[in-house]
């Protein structure tokens, strides 16, 4: 368990955590709670999962909860590496299962945004939550 909360002693991860956590939490809240123009959980899990993942509802629920709960965990820096890893997995599915066919640019429905989120999450997988995280206080 110690490796899940291990973190490098830096403040560099704070802006990454706050931005990534906010983005993921907001996107998850759309899917889970129906906030900010979202469809809500029941409508979200009733659609078809990318990459033809089965059972579709299970994988869509996992994606929504990863964004919602994982976003909150990243924001406060609680088990940052684990939450960021799940966000990386979620974004890889978004890139290759949803946006790849539309090219790179977001304006055409491409994977530009998902790749940016993937990069932020990967940085946190590598570095951990940093100084201003619950992980850092757990490691002391």
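Every read-out reported here was derived from the displayed coordinates using simple, explicitly stated rules and does not represent laboratory data. Here the structure is a predicted model, which is why all the values come from computation and not from measurement. All Cβ positions, glycine included, derive from the backbone under ideal geometry; neighbour counts span all protein chains shown.
If R0 is 35 Å, the Cβ-Cβ spacing of residue 47 and residue 19 corresponds to a FRET efficiency of close to 0.80.
The distance between label points at residue 102 and residue 137 comes to 4.0 nm (points 7 Å beyond Cα on the Cα→Cβ vector). Within the listed set 42, 66, 13, the residue fluctuating most in the Gaussian network model of the chain (springs between alpha-carbon atoms under 10 angstrom) is 42.
Relative to the longest principal axis of the Cα atoms of the chain, the long axis of helix 112-127 lies at roughly 30 degrees.
Descending by average beta-carbon neighbour count within 10 Å, the peptides 94-101, 72-79 line up as 72-79, 94-101, the highest first. Each Cα pair under 8 Å and six or more residues apart adds its sequence gap; the mean of these over the residue count of segment 14-139 is a relative contact order of 27 percent. Against the main long axis of the alpha-carbon atoms of the chain, helix 80-94 sits at an angle near 20°.
A convex hull fitted around the alpha carbon atoms of segment 14-139 yields 102 Å³ per residue. Adding -39500 (n - 2.57) for every DSSP H run of four residues or longer, then dividing by how many residues the chain holds, sets the calculated 222 nm ellipticity at -20000 deg cm²/dmol. With angles folded into 0 to 90 degrees, how steeply does helix 56-76 sit against the dominant principal axis of the chain? Use alpha carbons for both and round to 10. Between the helix axis and the principal axis of the chain, the angle is about 30 degrees.
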